[in-house]
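I have placed the structure first, in the form of structure tokens, so that the comments after it can refer back to it.
Readers should treat all values here as calculations from the given coordinates under stated rules, not as data from a laboratory. The structure presented is a predicted model; accordingly, all values stated were derived computationally and were not measured. Note that each Cβ is placed from the backbone with ideal geometry, even for glycine, and that neighbours are counted across all protein chains shown.
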Amino acid sequence: MAGSGLAQAKRPLSTLATEQPAISEEADFAGQSILMNTSTSSHSSSALGADLPATLCYLNGDYTALRDAKISVLDRGFIFGDGVYEVVPVYAGEPFRFAQHMARLDRSLAELRINNPLTHVEWREVAQKLVTDFTREAGTTTPPDQLIYIQVTRGVALRDHVMTSGVAPTIFVMTNIMKPVPAAQRSSGVACVSADDFRWEKAHIKSTSLLGAVFSRQISADVGAMETVMFRGGYLSEAAASNVWVVKDGCVLGTPKDHLVLEGIRYGLIEELCRAAGLGFELRRISRAEVIAADELLLSSATKEILPITLLDGLAVGSGQPGPVYAKLYAGYQGAKSIPTP
Ligand SMILES: Cc1ncc(COP(=O)(O)O)c(C=O)c1O
């Protein structure tokens, strides 16, 4: 089945809704957006490391320049992808929905049988220090929107598949600028392609084992599309790095919160926004036919917030333009950003 998904996605898109530069967690962290401070640094840098920014990060209890942060080659995150992560948006210097991210981090860690090495208060202290430092380095009075990246791995041990116990988890946190979605994508929507969901059946864990997501995202990248909308057994699951929402007759439909999808932090937020806007909200299995017949399709993630899909596999979604439900939810989302959350 995976092969058919790839073949399907390889079809060239006749027209793209608009140009599709990737706005994804990966792009935000790997792209050019990190504040580069290559001017002076007292830290030693390898030839490669010298190209990395000096932005402050946190590694195992120490604050250090990102370019100088190092872990062991035997870290189980490196060897097995044996770790979990979180990406928390920061608006006006305040982590958004931090408590929900902490709750999801706890759930992911519990699945891996790793004890959370920090309390929620300690996580917030680390995050706040990095956000404050980043803001100071940016030299602006208004804090730039940021993305905090948190990663916890099982730690360093001799290579053995079994879940080694008694090792100290590796803790890493960095922050980076959050680039807004380009205005053209907001106004015209984005093109996506579909593919079979060939990932594993523990998609609810925000795991650093992301090779399935990398393959999935590349299917859309290869044809210049924004995301890959995945189906498992003929039913919608999610996209490579986003949740997917179907709008039909004024109701927002999402996939159930089970082991087949990551419960994005926007699940709860979208439900709240629907309630406030008088829209229906339902989580249930959604067939491919229902996705194709949708009035509107939406993506959600920390970086995309809520984003309309206007082209799927080269075919217009609904009217082919961002719809009224998107407009309401997006407006609600912007309002929610300024409401303080725990
Ligand atoms: C597979 C997957 N689904 C959904 C999401 C959306 O989650 P959130 O809204 O918490 O960013 C992400 C975000 O990275 C993801 O990787």
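Database remark: amide H of Glu296 closer than 5 angstrom to the amide H of Val247 (H placed geometrically; neighbours at sequence offset of 5 or more, or on other chains; Pro and chain starts carry no H).
The angle separating the long axis of helix 98-111 from the principal Cα axis of greatest extent in the chain is about 80 degrees. The magnitude of the dipole of the chain, with charges of +1 and -1 set on the Cβ of Lys/Arg and Asp/Glu and taken from the Cα centre, is near 240 debye.
Taking all Cα-Cα distances within segment 34-177, those exceeding 24 Å account for 35%. Using 0.36 nm per residue and subtracting the Cα-Cα separation, the extra length available between Thr64 and Arg107 on full extension is 12.7 nm.
Taking one equal scatterer on every alpha-carbon of segment 57-132, how large is log10 of I(q)/I(0) by Debye at q = 0.13, 0.19, 0.20, 0.21 1/Å? Here the Debye-derived log intensity ratios amount to -0.46, -0.98, -1.07, -1.16. The stretch between Ile292 and Thr142, if pulled fully straight at 0.36 nm per residue, gains 49.8 nm over its current Cα-Cα span.
Return an integer: the convex hull volume of the alpha-carbon atoms of the chain, in Å³ per residue.
In the chain, the Cα hull volume divided by residue count equals 143 Å³.
Annotation: amide H-H contacts under 5 Å for Ala240 (H modelled 1.01 Å from N, sequence separation of 5 or more, or interchain): Thr228.
Comparing Thr132, Thr142, Thr208 in a Gaussian network model of the chain where C-alpha atoms under 10 Å apart are linked, the largest mean-square fluctuation is found at Thr142.
For the set Lys202/Lys304; Lys179/Lys337; Lys257/Lys328; Lys70/Lys202; Lys248/Lys304, the pairs lying more than 26 angstrom apart at their alpha carbons are Lys70/Lys202. The charge dipole of segment 34-177, taken about its Cα centre with unit charges on the Cβ atoms of Lys, Arg (+1), Asp and Glu (-1) only, comes to about 220 debye. Helix 266-277 versus the longest principal axis of the chain: what angle, 0 to 90°, nearest 10, using Cα atoms? Rounded to the nearest ten degrees, it is 50. Across segment 196-203, computed HN-Hα scalar couplings (Karplus, 6.51 cos²θ - 1.76 cosθ + 1.60, θ = phi - 60°) run 5, 7, 9, 6, 7, 9, 10, 5 Hz from first to last residue, x flagging Gly and Pro. Between Thr119 and Val167, the contour length at 0.36 nm per residue exceeds the Cα-Cα span by 15.5 nm.
Remark on Ser194: its backbone amide H falls under 5 Å from those of Val229, Asp313, a criterion applied only to residues 5 or more positions apart or on other chains, H modelled at 1.01 Å from N. Remark: Met102, Met226 ranked as Met102, Met226, counting other beta-carbon atoms within 10 Å and listing the fewest first. Our coupling estimate for segment 164-172, obtained by passing each phi through the Karplus curve with A = 6.51, B = -1.76, C = 1.60 and θ = phi - 60°, is 3, 10, x, 9, 7, x, 8, 10, 9 Hz, Gly and Pro reported as x. Placing one equal scatterer on every Cα of segment 273-324 and applying the Debye formula, the log10 ratio I(q)/I(0) at q = 0.17, 0.30 Å⁻¹ is -0.62, -1.24. Could you please state, rounded to a whole Å, how far the C-alpha centre of segment 311-342 is from the C-alpha centre of segment 198-246? Cα centroid to Cα centroid, the span is 20 Å. Computing Rg and the Kirkwood Rh from the Cα coordinates of segment 155-266 gives a ratio, Rg/Rh, of 1.04. The distance between label points at Lys257 and Ile71 comes to 2.7 nm (points 7 Å beyond Cα on the Cα→Cβ vector). Each residue, Glu282 and Ile339, gets one label point 7 Å from its Cα in the Cβ direction; the gap between the two is 2.5 nm.
Mind checking the angle between helix 211-221 and the chain's longest principal axis? C-alpha axes, 0 to 90 degrees, to the nearest 10. Taking Cα atoms only, the helix is inclined about 50 degrees. When the Cα positions of Leu283, Gly189, Ser216 are compared along the charge dipole of the chain, Leu283 comes out farthest toward the positive end, with charges on each C-beta of Lys, Arg, Asp and Glu.
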